[in-house]
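The values are calculated or read from the model by the stated rules, or taken from the named source; none is laboratory data. For clarity, every value in this text was computed on a predicted model and none was experimentally measured. Neighbour counts are summed over all protein chains in view; Cβ atoms, including those assigned to glycine, are modelled from backbone coordinates with ideal geometry. Note: areas computed on protein heavy atoms with side chains; ligands, DNA, RNA excluded. Shrake-Rupley method; radii C 1.70, N 1.55, O 1.52, S 1.80 Å.
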Amino acid sequence: MKQYHVAVVGVTGMVGRTFLKVLEESNLPVSKYTMFASARSAGSKIEFMGKEYVVQELNEHSFDNEDIDIALFSAGGSTSEKFAPIAAQHGVVVIDNSSAWRMDPEVPLVVPEVNPEDILWNKGIIANPNCSTIQAMVALKPLHDKYKIKRVIYSTYQAVSGAGMAGYTDLENGLKGEAPKKFPYPIAGNCLPHIDVFTENGYTKEEIKMIKETQKILHDDSIRVTATTVRVPVFNGHSESINLEFEKQFDLKELREVLENAPGIVVQDDLENQIYPMPITAAGTNETYVGRIRRDESIESGVNLWVVADNIRKGAAANAVQIAERLIEYKNQD
Ligand code: NAP
Ligand code: 12T
């Protein structure tokens, strides 16, 4: 079986470090790794799977004479905008974590439990959705297939790790009373209804990403979607309150079974024993947890869900590695 040469771009970051953990746990057939970051950390050393790697500076020639098969990018939108096409021209398949390519009609946007077949039409770049979108899609897909979703209302409670090392440090230092550097206000003891930048219609970009990416991944622009995204003082793990309105009627017991049998989902919903999803129990795992499953009694056919996942694993690194696994599976079938 072919062995692959995999590059990790942005390896020193919050997502990059988690890539290394997820890769270590996976059984991707990899014979060689190359580690990239910016000039700032080029030359630094990383221990990975019993070997020492020297971090390389990413530049225009990084993909010239290399035989890199797959590059996992998590080094920000502008890095991806510039370097992903260069990599693709050299025959590399880029799996990109930034928002740069997600809405490009030539680029598949993939959650492996939901739309793995979109991987097949890639032209060298495959986009990983936004962290908040990924965990929502895992929960929504089986329900959309069965009951057809008409409308979605997302309200998110997002961890600081989503804003990278700088976001994480702001909460750590904020708890010691220091002023924030990354966020506009203190995040310790606070909630900020502000993730990514504000746009003309009053929504943040994070909210718009959730709306547009939901429609693209489910291949259904008729689904109405609205969102409010909020940063909360949690280190790791995004939580989402999701309200769904269905076209079809449903039986609540059957709906729970649909979720229980869906790939990538763990149902945690045992009220007698106070069992429900939480960031502290989701952190460090690759699953999406669903609980507080209850009928929305204010409409004809609707449900409320509470959905939690590790935003750096399923929301970024694990989803990207799962895309790489599927890609290799498809290549092996050729
Ligand atoms: P981070 O902790 O700030 O790390 C940023 C990484 O990018 C570092 O490794 C940094 O390297 C590298 N980098 C920056 N500029 C570069 C350049 N010009 N060339 C090469 N490498 C460069 O951020 P993070 O949380 O890991 O996030 C990284 C990116 O992943 C984000 O910008 C975002 O696009 C994406 N992301 C996606 C999701 C998602 O929803 N799927 C979630 C979180 C993040 P140095 O050490 O050299 O500075
Ligand atoms: N601003 O990949 O700050 O589009 O939590 C992910 C996370 C953008 C993205 C965050 C962000 C992205 C955040």
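Report the one residue of Asn273, Ala320, Ala139 whose Cα lies farthest in the direction of the positive end of the charge dipole of the chain (charges on C-beta: Lys and Arg +1, Asp and Glu -1; origin at the Cα centre).
It is Asn273.
Running a GNM on the chain with Cα contacts under 10 Å, which residue among Met49, Met137, Met103 ends up with the highest mean-square fluctuation?
Greatest mean-square fluctuation among the candidates belongs to Met49.
Under a 1.4 Å probe, what is the accessible area of the chain per residue, stated in Å²?
Value for the chain: 45 Å² per residue.
If the limit is 26 Å between Cα atoms, which of Lys205/Lys253; Lys182/Lys209; Lys150/Lys212; Lys82/Lys209; Lys32/Lys209 go over it?
Lys205/Lys253; Lys32/Lys209
When the chain is treated as a GNM, springs tying every alpha-carbon pair under 10 Å, which of Glu240, Glu272, Glu25 comes out with the largest mean-square fluctuation?
Largest GNM mean-square fluctuation: Glu272.
Relative to the Cα centre, what is the charge dipole magnitude of the stretch 81-197, using +1 at the beta carbon of each Lys and Arg, -1 at the beta carbon of each Asp and Glu, and rounding to the nearest 20 debye?
340
Write out the trypsin sites (Lys or Arg not before Pro) in the stretch 204-312 meeting two conditions: DSSP loop, and at most 13 other Cβ atoms within 10 Å of their Cβ.
Sparse-neighbourhood loop trypsin sites (Lys or Arg not before Pro): Lys248.
Amide H to amide H, which residues 5 or more places from Gly302 or on other chains are under 5 Å from it, using H placed in the peptide plane?
It is Phe246, Asp296, by chain and number.
With the contact rule set at Cα under 8 Å and sequence spacing of 6 or more, what percent relative contact order holds for the stretch 153-207?
Answer for the stretch 153-207 is 19 percent.
Quick one: net charge of Thr169's neighbours, Cβ under 9 Å, K/R +1, D/E -1?
Summing Lys and Arg as +1 and Asp and Glu as -1 gives 0.
Taking θ = phi - 60°, what integer Hz values does the Karplus form 6.51 cos²θ - 1.76 cosθ + 1.60 yield along the stretch 323-331, in sequence order, with x for Gly and Pro?
Along the stretch 323-331, the couplings run 5, 4, 4, 5, 4, 5, 4, 4, 5 Hz.
What are the residues whose amide H is under 5 Å from the amide H of Phe48, where those residues sit 5 or more places off or on another chain and H is modelled from the backbone?
Tyr53
Can you compute the helix-only [θ] at 222 nm over the chain? Use -39500 (n - 2.57) per DSSP H run of at least 4 residues, normalise by all residues, nearest 500 deg cm²/dmol.
Value at 222 nm, helices only, nearest 500: -9000 deg cm²/dmol.
With contacts defined as alpha carbon pairs under 8 Å and 6 or more residues apart, what's the relative contact order of the chain in percent?
Once normalised by length, the contact order is 18 percent.
Give the separation of the Cα centroids, the stretch 1-49 to the stretch 102-180, in Å.
Between the Cα centres of the stretch 1-49 and the stretch 102-180 lies a distance of 21 Å.
Among 66-74, 40-48, how do they line up from the highest to the lowest mean number of other beta-carbon atoms within 10 Å?
66-74, 40-48
Rounded, prolate or oblate for the stretch 178-257? Axes are the square roots of the Cα gyration tensor eigenvalues, ordered a ≥ b ≥ c, and the cut-off for rounded is a/c under 1.5.
Taking the square roots of the gyration eigenvalues as a ≥ b ≥ c, the stretch 178-257 is oblate.
Take the alpha carbon gyration tensor of the stretch 148-187, find the square roots of its eigenvalues, order them as a ≥ b ≥ c, and report rounded if a/c is under 1.5; if not, report prolate when a/b exceeds b/c, else oblate.
Cα axes put the stretch 148-187 in the prolate bin.
How much length, in nm to one decimal, is gained on full extension between Ser155 and Glu325, taken as 0.36 nm per residue of separation minus their Cα-Cα distance?
Using 0.36 nm per residue and subtracting the Cα-Cα distance, I get 58.1 nm.
Given springs between every Cα pair under 10 Å in a Gaussian network model of the chain, which of Phe246, Phe235, Phe198 has the largest fluctuation?
In the Gaussian network model the winner is Phe198.
If packing is taken as the mean number of other Cβ atoms within 10 Å per residue, what is the order of 4-15, 258-269, highest first?
4-15, 258-269
Ile223's amide H: which non-local residues (gap 5+, or another chain) put their own amide H closer than 5 Å, with H modeled 1.01 Å from N in plane and none for Pro or chain starts?
Residues meeting the criterion, in which the H sits 1.01 Å from N, do not exist here.
Per residue of the stretch 54-68, in order, report the coupling 6.51 cos²θ - 1.76 cosθ + 1.60 (Karplus, θ = phi - 60°) as ³J(HN,Hα) in whole Hz, putting x for Gly and Pro.
Values per residue, Gly and Pro as x: 9, 5, 9, 7, 6, 8, 4, 9, 4, 9, 4, 9, 9, 10, 5 Hz.
Return the distance in nm (one decimal) between the two label points of a simple spin-label model at Ala39 and Asp334, each offset 7 Å from Cα along Cα→Cβ.
Placing both labels 7 Å beyond Cα along the Cβ direction yields 3.7 nm.
Note the full-extension length gain between Lys123 and Met103 as 0.36 nm times their separation in residues minus their Cα-Cα distance, in nm to one decimal.
Length difference between fully extended and current span is 5.8 nm.
On full extension of the chain, what length is gained from Glu272 through Val230, given 0.36 nm per residue of separation minus the C-alpha to C-alpha distance?
Additional length available on full extension: 12.2 nm.
Suppose each label sits 7 Å from its Cα in the direction of the beta carbon; what would the Met165-Asp145 distance come out to in nanometres?
Modelled inter-label distance: 4.1 nm.
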